[in-house]
Every structure is written in structure tokens, then in C-alpha cells.
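Taking it in order: structure first as C-alpha cells, then the write-up.
The values are calculated or read from the model by the stated rules, or taken from the named source; none is laboratory data. Treat the numbers as computed from the prediction; the structure is a model and nothing was measured. Cβ: placed from backbone, ideal geometry, glycine included. Neighbour counts: every protein chain shown. Note: accessible area is taken over every heavy atom of the protein model, side chains too, but ligands, DNA and RNA are not part of it. Shrake-Rupley method; radii C 1.70, N 1.55, O 1.52, S 1.80 Å.
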Amino acid sequence: MPLKAVILIGGPQKGTRFRPLSFEVPKPLFPVAGVPMVQHHIEACAKVPGLKEILLMGFYQPNEALSRFLVSAQQEFKIPIRYLQEYAALGTGGGIYHFRDQILAGGAEAFFVLNADVCSEFPLQEMLEFRQQHGDVHSFVILGTTANRTQALNYGCIVANADTQEVQHYVEKPSTFVSEIINCGIYLFTPAIFQHIGEVFQRNQQELALEESSNGWQRAEVIRLEQDVFTALAGRGKLYVYKTDGFWSQIKSAGSAIYASRLYLNQYSKSHPERLAQNKPGGPVIRGNVYIHPTASIDSTAVGGSSPLHSPLLHSRITPVSSIPLWAGTAQSGAGPGLKEHRATPTPMIPMPRSTARPFSGMGASHHPSQSWAAVSPSLLRLLFSTPSSFLTRS
Ligand code: GTP
């Protein structure tokens, strides 16, 4: 079955809790366990058999860092990856509706949508298998996990039928307890989702037409998957939740990036042992799962580990090779991204204004994403370690 994946990367006005770090590096490219945040998503998608293309979707202006990353990720994971730029922040549902032709091009029968700011085991294959056993060919799957009663209030909460796993009720960030099952921001859709998003778009248009002072069409395009689409789909036999026991966390603040790094570093011991530092005679002491950037210079008296700071970063006597910008890379050959204009081809669905799609995918440059990170500056380290931690822990 031809599949695609969309990664929602937001834009410069999003990720406010990640500031000031997101002033220095676009949040989706911030290093988590040694590689850009979205590389973990790309790696998981590239492993799914039949997945033909990955689309990064956001409202960042095309920029060198992003294009350089796309070049290297395409080369490393051997899968087409493009960036689709929204003309404005269209919300978590508005962008995929706007670019529906691009998503469906090539006959995609289903596609994943992944929030960029989550860290997860990404059980994508399991979600596909789950969908085959639940609902009909047009049903959609949300990845869910459990949180305790207090934490759940900060997430999208799902009430599901215990036997069928059908979503009966969905509330985004409820003010009182609804359910311990929360939305992980990872979905599996079929093209039928566009009819449901289109209904929201039409309703928005009608409502805005009644408001005399509004400038109508532009705001009608802003659609939130969670509040506008899932809430309406719940209880209609269309939406199912696949509950995972695997690790999952949001990456909203600098402190949560540390926590996410730790989760991925733990996973590396099975999936990528080559990325983890080893103890070597005369070298620094490594305790636990540690990632050291290849260009970092570490004093032999340093001790690096996940304890006692509970941080995956190496601490003590790090010599920053280069400080800010963190993502000053090792790109060679200067070949820029191949900027191409793609016009969206209309499909017979509810009409909506379209702007020109502005995908870009780099070609030609040789650049290894996992080698593109300079050492972390001391000021950043201080900031990361001083950030209070409050993360999802299982009840
Ligand atoms: P907050 O608690 O308010 O941050 O909400 P949230 O945790 O539900 O996250 P939010 O809905 O803001 O974002 C979820 C994901 O979608 C993140 O990866 C964002 O970067 C991304 N995102 C949010 N808004 C947009 C948008 O307008 N366009 C695109 N392409 N992505 C978006």
C-alpha cells in the first residue's frame, strides 16, 4: 500500500516555550540525543515498508539550515523528503488540507501525520496493523498513551470503547478530568480525512460570512485537527486509538529536550549503539548512555553520564569547538537546495484558496546530519540544566 508521512514543524512564532533556544536554531532542528529533533521522526518513517515520501510542513521561510538538513537526510535515509511552506500558520489541520494534492500525489492510500515536537518510539508499523483490525478501510488511528489524572489535563484526552478502541469522546486540554488516555500527536489517516477537514472549512466559511467585519477566507483556512476535527469525529465509528506502552514525551521546553534526549539515548543502546560513547583507555569516563559530538574535544579527566545530573549530555570540562549557532554544520560543497515551484493540482473537493506550494528539497551537497552539530556552548548548558523538569510520568 503506497504510504506517505507529514511532519508538522510549525514556524517561527510557534514553540515559544522553547525560547531562547529557538532563536538560535529552528526548533525542529534542535539536537535531541545528538541529531536534529525531526531526524528521529524521519528515521522511523523511512523504516515503514511502502512509505514513499516524507513531507515537512510548516510556515518557516525556506532557510539554509533546513535545506541543508533535507539534503543530508534524503541521502542518509534514501527517501524523498520535501518541505511544504504554508503561506501563514494554518493550524495542525489547515496545512494538510491546503496541501492535500501534494499528499495524495502518487496514489497514497494512507498517510501518517506526526507532530515534530514529540519524542517517541514511533510504533508506525503497529498502527498500520492495528488499523487493519479496527474499523473499516476509511477509519483513522490516533496514537495514545496513558498519563496520570493531573498530567492528562495538559493534553488531548480520549475516551475509548474498551473492547473496540473506538474513540467515543475527545477533549483537548480539559479543565476537569476526562480520561487518562492522551493524544500523542501521531496519527494515521486515509484520504477520507480531507472530507472531514473540508466540512470544518465550509463551516468556518459560513460562520465568517455572517461576521461582517471579518476578512473571511483567510481565517476559514485555519483548522485544528484536535479541537475541530477529532472532537467532531468522536463517536462516529471513524476514529480509533492505538495505545502504546513505548516511551513518549512532548518537547516543549529546554528541560523537556533533556528528558527526550535521555529517552532516545536509552533507545540507542539497542537501535544505534554506534552513536554512544565508549570508555577508552586515557579518555574521559563514560557512565551510562552518552552521546559526544565527533568534533567535541573532551578533557580526559571529564566524567560523562546520565547520572547524577540525570542528563544525557556530557558535563564537566567540555571544550566548545564552536558555540552559537549550535547547528553550524559541516556541510561541504556549497550546493544549495534545488528550489522548485510546484503548483497544487485541484481535486474535486470543497474549494478553498490555495497558494503556490513552495517545496524545496536539497540535492547534491554531501552532509551527514548526525555530524552537523557543534558542541553546546557553556551558556546553553547552564540554561538546559537550570530548567525545571516536569514531564509525563506514567501513573
Ligand atoms: P500547545 O500546548 O499550545 O503548544 O499546543 P500543543 O501541544 O497541542 O501543540 P500545537 O498544536 O501548537 O502543535 C503541535 C505540532 O504541530 C507541533 O509540532 C507544531 O510545531 C505543529 N504546528 C502547530 N501549528 C502549526 C501550523 O499552523 N502549521 C504547521 N505546519 N504545524 C503546526
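If only residues of the range 88-102 that are assigned to a helix (DSSP H, G or I) and open to solvent by less than 10 Å² (accessible area, probe 1.4 Å) are counted, the one that is farthest from the ligand (Cβ to nearest atom) is ARG100. What do you reckon, is PHE130 among the hydrophobic types (A, V, I, L, M, F, W, C), in contact (Cβ under 8 Å) with a residue 60 or more places away in the chain and open to solvent by 10 Å² or more (accessible area, probe 1.4 Å)? Against the criterion (among the hydrophobic types (A, V, I, L, M, F, W, C), in contact (Cβ under 8 Å) with a residue 60 or more places away in the chain and open to solvent by 10 Å² or more (accessible area, probe 1.4 Å)), PHE130 qualifies.
Looking across VAL178, VAL159, one residue alone is part of a loop (DSSP other than H, G, I, E, B) and either open to solvent by less than 60 Å² (accessible area, probe 1.4 Å) or under 25 Å from LYS4 (Cα atoms) (or both). It is VAL178.
Scanning the range 44-60 turns up at least one residue that is of a type outside the set (Ser, Thr, Tyr), out of contact with any strand residue (DSSP E or B) (no Cβ under 8 Å at 6 or more places or on another chain), away from the ligand (no atom under 16 Å from the Cβ) and open to solvent by 10 Å² or more (accessible area, probe 1.4 Å). Output the residue which, of all residues in the range 1-18 that are in contact with a helix residue (DSSP H, G or I) (Cβ under 9 Å, 6 or more places away or on another chain) and modelled with pLDDT under 95, is farthest from the ligand (Cβ to nearest atom). Going through the qualifying residues, I end up with MET1. The residues of the range 103-121 that are assigned to a loop (DSSP other than H, G, I, E, B) and away from the ligand (no atom under 14 Å from the Cβ), listed by number, are ALA105, GLY106, GLY107, ALA108, GLU109, GLU121.
Under the condition of being over 21 Å from LEU8 (Cα atoms) and either modelled with pLDDT under 95 or within 16 Å of the ligand (Cβ to nearest atom) (or both), the residues counted in the range 214-257 number 5.
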